[in-house]
Amino acid sequence: MKAPARLGLYGLVLVAVFAVAGFTANAVIPAVTVQSWAEDTAQNTHHDEGDSMDTAGHEGGHTGETAPLGLGIAQDGYQLTAVTAPTDTSTEGSLSLTITGPDGSPVTDFELEHEKELHLITVRADGQHFRHVHPEMNDDGAWTIPWQWEAAGSYRIFADFLPADAGEGLTLSTSVHVGGDYEPAPATEPVTTATVDGFDVSVQGDLTAGEATQLTMTITRAGEPVTELEPYLGAFGHLVALRDGDLAYLHVHPHGDEPQAGQTSGPEIVFEATAPTEGRYLLYLDFQVDGEVHTAALVIDTATGSGGSDGGHSDGGGSDQEPGTGDEHQEGEGHDR
Ligand SMILES: [Cu+2]
């Protein structure tokens with residue numbers, strides 16, 4: 001029996017994504033290339049004819065149950081369309097998009113995921129200026145939110161949603177370009193503690209390519225543990241993880257039961273994440289205290305897995321910035337590892 005062509009194609013795309021990410025850690029352009037590959041794949045799998053590309057016969061590239069990476073503008077017949085946004089930083093306008101379904105018409109029937117029908121994530125190609133918002137849908141199926149960009153550059157826009165007819169959630173994305181002076185600020189090293197709005201957020205744990213691992217976020221304020229975390233989007237925190245370089249979108253799951261209204265927690269929030277490949281990952285934690293949502297941005301590299309024990313990285317991934325040896329194998333290596 002021949003394996004379905006779609007598996008071969010999918011594997012090929014994964015291999016291609018890996019190769020691109022591996023050779024050009026901080027480049028912007030390959031993401032576009034990857035996106036078009038992903039689109040091709042989505043279209044081919046949708047039509048299900050399968051044999052139009054002989055290269056699909058290439059086997060051995062599949063990596064098992066790796067989830068989609070959110071890099072395509074279309075998947076399973078669903079497509080991100082009519083994306084509009086201000087084209088410079090001085091314009092106050094709106095950000096708008098429409099999801100079309102397999103029949104080509106706008107989808108208006110969505111199911112709740114993390115308490116919302118559609119999650120919109122925007123982030124600049126260098127990982128800066130992350131925003132996670134929830135637009136409103138009008139009767140035509142257009143999702144809109146008032147919008148002004150805070151900085152120029154190329155942005156990726158992710159829509160995360162669950163069409164009622166699809167049965168499973170989808171993440172689609174596209175790029176928009178914002179004119180003006182652009183000062184790129186890519187991640188040059190891991191950042192395992194960050195301060196936002198007076199809260200100190202740290203991450204402990206390792207990301208390991210191809211394995212589900214736990215990441216623990218700890219939130220303190222003025223040195224005291226924060227224990228009044230409030231439920232936000234059905235959890236005590238919402239974590240988005242993106243692969244540095246192509247901004248591949250990882251699905252991250254909070255641990256523990258869904259909180260009840262009025263319940264509080266802290267100072268730790270535990271997540272489970274699977275890094276699709278080795279590399280650097282950008283983490284964005286949304287958490288709520290006193291009715292206000294804060295976002296902390298962190299950066300973590302995958303633990304050096306294959307080939308052994310890496311001599312003592314087991315202290316939680318160098319999460320502390322204590323004087324001494326806290327930076328044994330990460331400082332100053334640039335992006336090449
Ligand atoms: Cu959301």
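None of the figures in this text is laboratory data; all of them are computed from the coordinates on show. No experiment lies behind these values; they were computed from the predicted model shown. Heads up, the Cβs are rebuilt from the backbone with ideal geometry, glycines too, and the neighbour counts pull from every protein chain shown.
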query: Give or take rounding to whole Å, what are the principal axis extents of the alpha carbon atoms in region 193-301, in descending order?
result: 38, 28, 20
Loop sites in region 92-187: GluC sites (Glu not before Pro), DSSP, at most 10 other Cβ within 10 Å: Glu92, Glu150, Glu168
